[in-house]
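Undergrad: Here you go, one structure.
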Amino acid sequence: GNSVTQMEGPVTLSEEAFLTINCTYTATGYPSLFWYVQYPGEGLQLLLKATKADDKGSNKGFEATYRKETTSFHLEKGSVQVSDSAVYFCALSRPTGANSKLTFGKGITLSVRP
Amino acid sequence: ETGVTQSPTHLIKTRGQQVTLRCSSQSGHNTVSWYQQALGQGPQFIFQYYREEENGRGNFPPRFSGLQFPNYSSELNVNALELDDSALYLCASSAGQGYTGELFFGEGSRLTVL
């Protein structure tokens, strides 16, 4: 079946540090890949997505590239801010009929200190 | 544009009881999905409703059931509650046709089973 594996956390960084959060997946065919973020006290929200191999998703300074050869979708940001402190989830979807479900990784908590 | 709203936000039940959780989808969305997020885990797909019909179900027992109403709002019902049902229950809505993969999540209903 489909699965998503994220690196173990939590991660603590100083402001302006470089961020990489690893994500690998197992799926048949060509899934769409996503990063969702959950800020404290808020619901999950889409951060970025990529729907085919070699696509790069980007938003708010975050980037992730869909790598089919390594089945990965690592999240990166060149300079993190305190406001980036949140829980980050990698996810994939495979369409089932008119709609699709998301398979999530366990999530990783990022804390950025001033 | 009104986002996804869930009620109640928190509730406490005892083992064996029944619970109903409610969700109002985002304006214009005809699809609602429910996810269970246990502490420290990623969300797990429970089921999805599209135009009032169940459109996919995850690995959850039949005591988890749902409904979608003509206005696309939805209910999640859980019978014979068990301690392991303690979790954050997330509702997400999306537009059915031409699905782009983005789900819009509510803030969740936190259920504690004692």
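Undergrad: How far apart, in nm, are two points set 7 Å out from the Cα along the Cα-to-Cβ line at B:A80 and at B:N59?
TA: About 2.0 nm separates the two model spin labels.
Undergrad: Would you work out the Kirkwood radius for region A:1-107? I mean one over the mean of 1/r across all pairs of different Cα atoms, in Å. Intermediate values should be presented prior to the final figure.
TA: Numbers: mean 1/r = 0.0710 Å⁻¹.
Value: 14.1 Å, from the Cα pair sum.
Undergrad: Let me have the relative contact order for chain B, percent, based on Cα pairs under 8 Å that are six or more residues apart. If you can, show how the numbers build up before the last one.
TA: Values: 291 pairs, mean separation 41.8, N = 114.
It rounds to 37 percent for chain B.
Undergrad: Can you give the Rg/Rh ratio of chain B, where Rg is from the C-alpha atoms and Rh is the Kirkwood radius?
TA: Values: Rg = 13.3 Å, Rh = 14.0 Å.
Checking Rg against Rh, the ratio lands at 0.95.
Undergrad: Ok, one more. Give the average, rounded to an integer, of partner chain Cβ atoms located within 10 angstrom of each Cβ in A:37-46. Don't skip to the answer; put the middle values down first.
TA: Working: counts 0, 7, 0, 0, 1, 3, 13, 12, 5, 6.
That works out to 5 on average.
Undergrad: Sequence-distant or interchain residues sharing an amide H contact under 5 Å with A:L48, placed H: which?
TA: A:W35
Undergrad: On average over all directions, what projected area in square nanometres does region A:47-110 have, based on the convex hull of its Cα atoms?
TA: On the way: hull surface 20.3 nm².
Result: a mean projected hull area of 5.1 nm².
Undergrad: Rg and Dmax of the protein assembly as shown, Cα atoms, in Å?
TA: Expressed in Å, the Cα Rg and Dmax of the protein assembly as shown come to 17.5, 50.
Undergrad: Mind grabbing the accessible area of A:E15 for me, 1.4 Å probe, Å², rounded to tens?
TA: 70
Undergrad: Let me ask you something else. Using bins 5 angstrom wide from zero, how does P(r) for region B:52-114 break down, in % of all Cα pairs?
TA: 4, 13, 22, 27, 19, 10, 4, 1, 0
Undergrad: Exactly which trypsin sites (Lys or Arg not before Pro) in region B:1-70 are in a DSSP loop and have at most 12 other Cβ atoms within 10 Å? Before the final figure, lay out the partial values.
TA: Numbers: sites: B:K13, B:R15, B:R22, B:R51, B:R57, B:R63; in loops: B:R15, B:R51, B:R63.
Passing sites in region B:1-70 are B:R15, B:R51.
Undergrad: Taking the Cα centre of the protein assembly as shown as the origin, how large is its charge dipole in debye, to the nearest 20, when only Lys and Arg (+1) and Asp and Glu (-1) carry charge on their Cβ atoms? Mind dumping the intermediate values first?
TA: Working: 18 positive and 20 negative charges, 64 e Å.
Rounded to the nearest 20 debye, it is 300 debye.
Undergrad: Run the dipole for chain A about the Cα centre, Lys and Arg Cβ at +1, Asp and Glu Cβ at -1, nothing else charged, and hand back the magnitude in debye, nearest 20.
TA: 380
Undergrad: For Cα pairs less than 8 Å apart in space and 6+ apart in sequence, what is the mean separation divided by the residue count of chain A, i.e. the relative contact order in percent?
TA: Values: 287 pairs, mean separation 39.9, N = 114.
So the answer I get is 35 percent.
The values are calculated or read from the model by the stated rules, or taken from the named source; none is laboratory data. Keep in mind it's a predicted model, so treat the numbers as computed, not measured. No Cβ is skipped: glycine too gets one built from the backbone with ideal geometry, and neighbour counts run over all protein chains shown. The accessibility values were calculated without ligands, DNA or RNA, using every heavy atom of the protein model including side chains. Shrake-Rupley method; radii C 1.70, N 1.55, O 1.52, S 1.80 Å.
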